[in-house]
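Notes follow once the structure below has been shown.
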């Protein structure tokens, strides 16, 4: 990598979010996601390297595309199943309260998951989607976790 690429990538960390979004439009030619500053910085850093050093060749892109359509990426699935449960989850009986868009939402942690409005859910993320109508990180929405990279 040349020094100028390194400097450009380092500068991304210091740019305000609006400048990152503008840089995204310039480098990628489409609208950036409306969230997750860290994602913008990582993707822009990759794009800067890609433009300077070249990206994947056509053969590698085709191999990736084929692996995805053939389902060969599923080999990593068992690793996901063995992941430990979140350590920061409160004990059974804990009530989580969140005020959002003028409403007050209460969730109780139960043995099989989370109870919300008389229904049991397997994840806080599913409850968050029911509340907001969009996908958010459930533990972050209810204040159980602050993502270190600034994403929700």
* Asked: Does residue 7 meet the test of being more than 29 Å from residue 136 (Cα to Cα) and out of contact with any strand residue (DSSP E or B) (no Cβ under 9 Å at 6 or more places or on another chain)?
  -> yes
* Asked: Just a yes or no: is a residue in the stretch 31-48 more than 21 Å from the chain's Cα centre (by Cα), outside the structural domain of residue 135 (by TED's automatic domain parsing) and at pLDDT 90 or above?
  -> yes
* Structure fact -> Condition set outside any helix (DSSP H, G or I) and touching a helix residue (DSSP H, G or I) at 6+ places or on another chain (Cβ under 8 Å), scope the stretch 31-45, selection nearest to residue 5 (Cα to Cα): answer is 32
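The values are calculated or read from the model by the stated rules, or taken from the named source; none is laboratory data. No experiment lies behind these values; they were computed from the predicted model shown. Please note: Cβ atoms are built from the backbone with ideal geometry, for glycine as well, and neighbour counts cover all protein chains shown.
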